[in-house]
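Report on the structure given below.
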Amino acid sequence: MNRHSPYIGRFAPSPTGPLHLGSLVAAMASYLDAKTHFGRWLVRIEDLDRERNVEGADRALLAALQRCGMHWDGEVLWQSARLAHYETALHKLQAHIYPCACSRKEIADSRLKAHAASTAVYPGTCRHGLPEGKTARALRLRVPDGSDGLIQFEDRWQGLFRQELGTQVGDFVIRRADGVIAYQLAVVVDDGAQGVTDIVRGADLLDSTARQIHLQALLNLPQPRYLHVPVVTNAAGEKLSKQTGALPFDAGGSASEQALLQTALLPAARFLGLDLDAGQIPQFWQRALPAWDALLRRRGAA
Ligand code: GLU
């Protein structure tokens, strides 16, 4: 990558709980990548799903980033303040959208009939119109069939990723039955609006990337570069989250700088493959920057 081309990166947490080791790893990787490319690092709070939001978690996440020494550029963006922009995008996508009446259960049942092991591929029930007597719930985006829907991109960490949208994903939801704009659409609209050139995040989102690239093309937005870092899992191999019992460290509150270093920053760096030794937070970042650069060079991903 040309180090002098403008770089805009971002960390886009959902305010569903405190920063934990898993989210810190994503924050750290995106921060280090932006800084080693002399770029800007933005923070966006993805708070569209009111049911999952936890009161005050946005402020706690921001305070935790500050205490860890990760200072963002510009203003923090809250997705809940951007609903009109998502509606505009929906309007632009009109020709590719249809209303869908299927409940989750109906989709799951039809999948059981097809093949038990298949993932959430929508069977296309409402593609050609709502079945008699059914009412619209969600809005879906029609994806191209067969090889026309093949999306491939070179991930800077994971290598070549390919996904055929028609067979591996199916027509996907862009406005949910409860009226909430789906993550896939909001993230594409906002990355586009913020001029994000580089997306660095956890590999649990690798599977969403082809959908996002497809939406970028439909909305005439440039395609960013991607780097998906491995996700931290618990002993049972599950992604760390509040639900799987991740232990949040008290980064926003009373933890001492030493405790933050020992229980958060150093373990997160180690997880990314950076074996650092630092007595203070500023030194930690001084050492982490060249170490990240060297790590990417070794991986051929600089
Ligand atoms: N808000 C998403 C999450 O917390 C991340 C979005 C992204 O990085 O694209 O999982």
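Laboratory data are not the source of any read-out in this text; all were calculated from the coordinates shown. What you see is a predicted model, and the numbers here were worked out from it, not measured in a lab. All Cβ positions, glycine included, derive from the backbone under ideal geometry; neighbour counts span all protein chains shown.
In whole Å, what is the distance between the alpha-carbon centres of the stretch 7-23 and the stretch 168-224?
16 Å
Residue by residue, what Karplus-based ³J(HN,Hα) values in Hz, rounded to whole numbers, does the stretch 136-150 have, using 6.51, -1.76 and 1.60 with θ = phi - 60° and x for Gly and Pro?
Karplus values, whole Hz, x for Gly and Pro: 5, 10, 9, 10, 10, 9, 6, 9, x, 7, x, 6, 5, x, 7.
Mind checking which of A217, A186, A34 has the largest fluctuation in a GNM of the chain, springs on alpha carbons under 10 Å?
Judging by the Gaussian network model, the answer is A217.
What is the sum of charges around F161, taking Lys and Arg as +1, Asp and Glu as -1, for the other residues whose C-beta is under 14 Å from the C-beta of F161?
0
Report, by chain and number, residues whose modeled amide H sits under 5 Å from the one on R175, excluding near sequence neighbours (fewer than 5 apart, same chain).
It is L139, A182, by chain and number.
What do you get for the angle between helix 281-299 and the principal long axis of the chain? Use alpha-carbon atoms, 0 to 90 degrees, nearest ten.
Between helix and principal axis, roughly 60 degrees.
Enter the angle in degrees (range 0 to 90, nearest 10) between the Cα long axis of helix 21-36 and the first principal axis of the Cα atoms of the chain, meaning the one along which they spread out most.
The angle comes out at about 70 degrees.
Per DSSP H run of at least 4 residues, take -39500 (n - 2.57); add these up for the chain, divide by its residues and hand me the 222 nm value, nearest 500 deg cm²/dmol.
It comes out at -10500 deg cm²/dmol, rounded to the nearest 500.
Hey, what angle do you get for helix 57-67 against the long axis of the chain, alpha-carbon based, 0 to 90 degrees rounded to 10?
Long axis of 57-67 versus the principal axis of the chain: about 30 degrees.
What are the residues whose amide H is under 5 Å from the amide H of F11, where those residues sit 5 or more places off or on another chain and H is modelled from the backbone?
Here L42, V43, R44 satisfy the definition.
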